[in-house]
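We did not get these values from a lab; they are worked out from the coordinates using the rules stated. Treat the numbers as computed from the prediction; the structure is a model and nothing was measured. With ideal geometry, Cβ positions are generated from the backbone for all residues, glycine too; neighbour counts draw on all protein chains shown.
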Amino acid sequence: MSKQMHQLDDQEDPGRAGFWNRRQAEEEQNTSPLTSQARHSAFSEQGEQGMGKRNPFENWRIKNEADKQELLLPPNSAKVNNAFGLIWQVLSTVILAGLITATLLSLWMPGNLIPRNLGQKVADAVTEDGGVNPTQVVEGVLPANFPVNKIGIIVGHRGSDSGAVCANGLTELEINSNVATYVQQNLIKAGFEVELLDEFDSRLSNYKAGLLLSIHTDSCEYFNDSATGFKVAAALSTIPGQTSTRLVDCISDRYANITGLRYHYQSVTTEMTTYHAFAEIDPNTAAGIIELGFMNLDQDILTTKPELLAEGVAQGISCYMNNEEVKQP
């Protein structure tokens, strides 16, 4: 230790050695005068090392914001494409399943489960100019060249007997003949082929036509004050999908509106629904029967306005043949 102390004593200024030497050097450096340009340069260098571009915290902030921006998926990223692909796959599966189900149902369901009457068939055969083309028949519904434009009118009791007879000598046959003649004329004007038939006409066997209608008149006896009005009945057809409702609706609607007579549907008899001609004609021929009115209470209109009655019948037939609209009561 004495040697060390001796060495320190040998120094001209012991304060400049060791700790005190370094401290004084730093103070001299800090107190040394600097020009304004040197100060600015020093400050700039310090800024670059501290809060400038080289600041490690500043670089960390920029990097952190860049990481956040990477979380936003661009439109063409793999994740977005995979999501859209999954959605399209699900929609394609649903659509394909619906198409397969609809195809199977259409193959299973027979066509005759869909009701379609002869009026619609005739409407399909109507040409653009409004006329009926008898050769244009829906395939698979009626035989080829079936006379859909043809209408047969049976004059009730003609060629057989006079039918009902009133006390004043009025006969049913007289009324039926007058009205049937006017019906034929009206339908011919409408573009149909019409022929009048007898009650038991030989042509009724396997008769082919778009429609066969038998015209009759109800009894001349007085039953009660309610025995007034007309009745309509139709034959059931073996044509798939054809119904008798359409024919009855058309004739009852048009006849009632034109003549003012009410539809006496509650007195339709089995003699009408099982009319003999229904079993004789071709099964593809739609058929019906009408009782124009009661010869007792409706005698006035039956004898004085046959043209009006015929107009109602003809309009009802046209409604059915042309598939016209019928407003339900």
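A few points about this structure:
- Gained length - GLN266 relative to GLU307, 0.36 nm times residue gap less alpha-carbon distance: 12.1 nm
- Considered as an equivalent ellipsoid built on the Cα gyration tensor, region 182-317 has semi-axes of 24, 17, 14 Å, the largest given first.
- Taking label positions 7 Å along the Cα-Cβ direction at both ASP225 and LEU196, the computed distance is 3.8 nm, reported to one decimal.
- Förster radius 30 Å - calculated FRET efficiency between CYS166 and LEU236, Cβ distance, rounded to 0.05: 0.35
- 3J(HN,Hα) from dihedral phi, region 279-292, Karplus parametrisation 6.51/-1.76/1.60, rounded to Hz, x for glycine, proline: 8, 9, 7, 4, x, 7, 8, 6, 8, x, 9, 10, 9, 4
- Among 312-323, 171-182, 190-201, the order from most to least packed when residues are scored by Cβ within 10 Å on average: 312-323, 171-182, 190-201
- Packing rank of 298-311, 204-217, where each peptide gets the mean count of other beta carbons within 10 Å, highest leading: 204-217, 298-311
- Summing Cβ point charges (Lys, Arg +1; Asp, Glu -1) relative to the Cα centre of region 118-321 gives a dipole of roughly 360 debye.
- Selection from TYR207, ASN168, ALA190 lying farthest towards where the dipole of region 156-214 points positive, charges on Cβ: ALA190
- Vicinal HN-Hα couplings computed from phi for region 212-217 (Karplus, 6.51 cos²θ - 1.76 cosθ + 1.60; Hz; Gly/Pro x): 10, 10, 9, 9, 9, 9
- Residues LYS150, LYS231, LYS189 in ascending order of nearby Cβ atoms (within 10 Å, fewest first): LYS189, LYS150, LYS231.
- Dipole check for region 201-272: with +1 at the C-beta of Lys and Arg, -1 at the C-beta of Asp and Glu, and the Cα centre as origin, the magnitude is about 340 Debye.
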